[in-house]
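Working notes for the structure below.
The values are calculated or read from the model by the stated rules, or taken from the named source; none is laboratory data. Bear in mind that the values here come from a model prediction, so they are computed numbers and not experimental data. Cβ placement follows ideal geometry from the backbone for every residue including glycine, while neighbour counts extend to all protein chains displayed. Please note that ligands, DNA and RNA were not included when accessible areas were found on the heavy atoms of the full protein model with its side chains. Shrake-Rupley method; radii C 1.70, N 1.55, O 1.52, S 1.80 Å.
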Number of protein chains: 2
Amino acid sequence: MTTIKDIARVAGVSVTTVSRALNGYSDVNPKTRKRIQEVAKELNYSPNTVARSLVMKKSKTIGLLVSDMNREGVKDNFTFEVLCGINEASAYSEYDLVLFSTTSSKQNEKTYTQLCRERRVDGVILQGIKTDDPYLQEVVDSDIPCVLVDIPMESQTVGYVTTDNIDGAKKAVNHLISCGHKNIAMINGHEKADVSIRRLRGYREALEQNDLTFHPDWLVNGDFKEDEAEKVAKKLLKQYPEISAIFCASDLMALGVLKAAKWLGRKIPEDLAVIGYDDITLAAYSTPSLSTIRQDKFNLGFEAAVLLIDMLEGKKQIHSRIIDTELIIREST
Amino acid sequence: MTTIKDIARVAGVSVTTVSRALNGYSDVNPKTRKRIQEVAKELNYSPNTVARSLVMKKSKTIGLLVSDMNREGVKDNFTFEVLCGINEASAYSEYDLVLFSTTSSKQNEKTYTQLCRERRVDGVILQGIKTDDPYLQEVVDSDIPCVLVDIPMESQTVGYVTTDNIDGAKKAVNHLISCGHKNIAMINGHEKADVSIRRLRGYREALEQNDLTFHPDWLVNGDFKEDEAEKVAKKLLKQYPEISAIFCASDLMALGVLKAAKWLGRKIPEDLAVIGYDDITLAAYSTPSLSTIRQDKFNLGFEAAVLLIDMLEGKKQIHSRIIDTELIIREST
DNA sequence: GTGAAAGCGCTAACAC
DNA sequence: GTGTTAGCGCTTTCAC
């Protein structure tokens, strides 16, 4: 493997000059530069980024800490779309991505900081992490630049990108109300998700603004899972048959509700209106197709990467970004 | 940031001893080792893998060259599942993954080899690459250990993992035949995909073995796209109304065929039977749900990573792995 | 405009 | 069992 030393020898200059020539410094004779470039090409030279990282103390890599990369997380293409967005943004930069394999199991008991420091990543993007995840605290405490997806938390080195979950939930509930519904239940994810907390707030605010009372009994958690949502929906609808519409904090759960409704013989949307959240691919393909609040997941990832890179290059002081949601009306409402 | 030098100073030994102690060499006094470990912990030491990589000429990273990580590739969770499998396998190893951001556009005109050499990855996994992709030739020519997903190509440094596409296609067609169909068309992907070539072969062999004649006109390409498949299916079915069943080389295309059938007023499966390939998430959720040939995509990725790691550690001489497929019968047949 | 020399943090002969 | 020394490939003062 060719090194700048080889090039220096062949071109009859010093390694210093080679380095400067190849890195586009101005204080090098155009002729010398040209010759060096030719030799480099001739010798099929590739710079060694490892060596460069060592001396520069910058690796030009972004660490990705992504949960739900297991066999189960696959149904929901949320994570993947975010990943694609991150990938796209970093493709236009000079940063590469390193995917930390974080199986919570295993002796993989390395802390977040250890992971990052060992690999010398310049910054990190965290996605799909729960608010009580021990990693999260570490992020805030560490001095490694970091962007969180869907957890609004900010500091000198921490930024975030998310959608307006309160507003999104409101849109969903207002839509149900505008369809004439008054008895609107909600199936939420779990308390450890920031988005759940906010979507609940949006739900309550929408009810309030329309002079509808909030029934604590009509609020249940489905843990963001289809099966679980189906189960709790059955129970809920049997106990409170007066419920005419359900707002779900995720499409996957809404799919579960659809199943529950079918099982109970309630027609959609006549006997029961259902609206989800996310607009995952499945939402458009289910029968009936699912009304939902669309999040631009790709953009979520894209902006997260842009934000982080800007932080790394010291460009901006704004460390957060809120992305719009969109109401998508389909057959289920 | 603490280095072994710091540890050496505090512990009153040389850096060599620190290195050996921390790396678990046997020729070091247990007491010395203990003290060094304590100091390391106390100083909150993390090894610098960059420095280690430089001297060892091994980075303990695997490069991922994945196409379809763009906004469009999202519907199809194939890529993501493969990725999850790779991630899982590498989580149990000491390798991390670096995702090469390969937008074919942009000045990103770095060759495959350059990408790999610059980042000093130990090996690479390629997924979603076409047979005429210039990268592919480079792989074979380069000496970087590499595992291909779904391209059977083997050499000293190149291995692959795939499913038995001929057999899978046969299963699909035989299933249609066992349902009583005789006029079976095929919508294939494109000629640049090895899987297409093989699935076509399976289709033809199954016909042959059942004394059915192969009609070249009943074979069209849908480019693995839903829209395209819908378009060509409409045309095909109008021109040859005698066709009673269609075998599609991917579920996404089968979904397109479903739409075409609906548009033409042909009931499924009574008027037209459709079978896909892959078993993507959507297949189970569409109406009617889609019969298909399931590929264990997660396992495809998992085995690819295992294979590569084994190659890197010089463990095996077998460089390929064929994974079984499974016929999934649903409502569309 | 160019080169000599030092050093990034680590491993690995080779001595002792 | 431990230390000395050299060196991985690169960037960067600081001279000239």
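Overview of results
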item: For the range B:148-165, 3J(HN,Hα) per residue [Karplus equation, 6.51 cos²θ - 1.76 cosθ + 1.60, θ = phi - 60°, Hz, x = Gly/Pro]; result: 9, 9, 6, 10, x, 8, 9, 7, 4, 10, 10, x, 7, 9, 7, 9, 7, 6
item: GluC sites (Glu not before Pro) restricted to DSSP loop in the range B:231-326 with at most 16 other C-beta within 10 Å; result: B:GLU242, B:GLU270, B:GLU313
item: Charge dipole of chain B about the Cα centre (unit charges at C-beta), most positive-ward option of B:ALA89, B:GLN295, B:VAL50; result: B:VAL50
item: Trypsin sites (Lys or Arg not before Pro) restricted to the range A:235-313 and DSSP loop, no more than 12 other C-beta within 10 Å; result: A:LYS267
item: Prolate/oblate/rounded call for the protein assembly as shown, Cα gyration tensor, a/c under 1.5 rounded; result: oblate
item: Surface accessible to a 1.4 Å probe, per residue, for the residues of chain B, Å²; result: 45 Å²
item: Placed amide H near A:LYS60: partners under 5 Å, 5+ positions off or other chain; result: A:ASP122
item: Cα Rg, Dmax, the range A:202-248, angstrom units; result: 11.5, 33
item: Separation of the A:GLU118 and A:GLU331 label points, Cα + 7 Å toward Cβ, nm; result: 5.1 nm
item: Per-residue HN-Hα couplings for the range B:65-70 [Karplus 6.51, -1.76, 1.60; θ = phi - 60°; Hz; x = Gly/Pro]; result: 10, 10, 8, 6, 9, 9
item: Loop-resident sites, the range B:171-237, for GluC sites (Glu not before Pro), counting at most 14 other Cβ within 10 Å (DSSP); result: B:GLU191
item: Heavy-atom accessible area order for A:ARG330, A:ARG71, A:ARG198, A:ARG9, largest first, 1.4 Å probe; result: A:ARG9, A:ARG71, A:ARG198, A:ARG330
item: Overall form of the range A:165-294 per C-alpha gyration tensor (a/c, 1.5; a/b vs b/c); result: rounded
item: Amide H partners (placed H, <5 Å) of B:THR163, local residues excluded; result: B:ILE323
item: Other protein chain Cβ atoms within 10 Å, averaged over every residue that makes up B:45-55; result: 6
item: Long-range HN-HN contacts of A:ARG330 with modeled amide H, under 5 Å; result: A:SER291, A:THR292
item: C-alpha center-to-center spacing [the range B:129-205, the range A:157-222] in angstrom; result: 47 Å
item: Note, ³J(HN,Hα) from phi for the range A:12-21, Karplus 6.51, -1.76, 1.60, rounded to Hz, x at Gly and Pro; result: x, 10, 8, 4, 4, 4, 4, 4, 5, 4
item: Over the range B:115-214, volume per residue of the alpha carbon convex hull, in Å³; result: 99 Å³
item: Size of the B/A contact, given as accessible area buried on both chains, probe 1.4 Å, in Å²; result: 5600 Å²
item: Rounded to the nearest 20 debye, dipole of the protein assembly as shown from Cβ charges on Lys, Arg, Asp, Glu; result: 1800 debye
item: Dipole magnitude of the range B:4-47, debye to nearest 20 (Cβ charges: Lys/Arg +1, Asp/Glu -1, about Cα centre); result: 80 debye
item: Radius, Kirkwood style, for the range B:36-165 when every pair of distinct Cα atoms is counted (Å); result: 16.4 Å
item: Chain lengthening between B:CYS179 and B:LYS5 when straightened (0.36 nm per residue, less Cα-Cα); result: 55.3 nm
item: Normalised per residue, the volume of the convex hull around the Cα set of chain A (Å³); result: 163 Å³
item: Sum of -39500 (n - 2.57) over DSSP H runs of 4+, divided by residues of the protein assembly as shown (222 nm, nearest 500); result: -13500 deg cm²/dmol
item: Protein accessible area in chain A, 1.4 Å probe - carbon and sulfur %; result: 49 percent
item: Cα shape, the range A:274-333, gyration tensor, a/c 1.5 rule; result: prolate
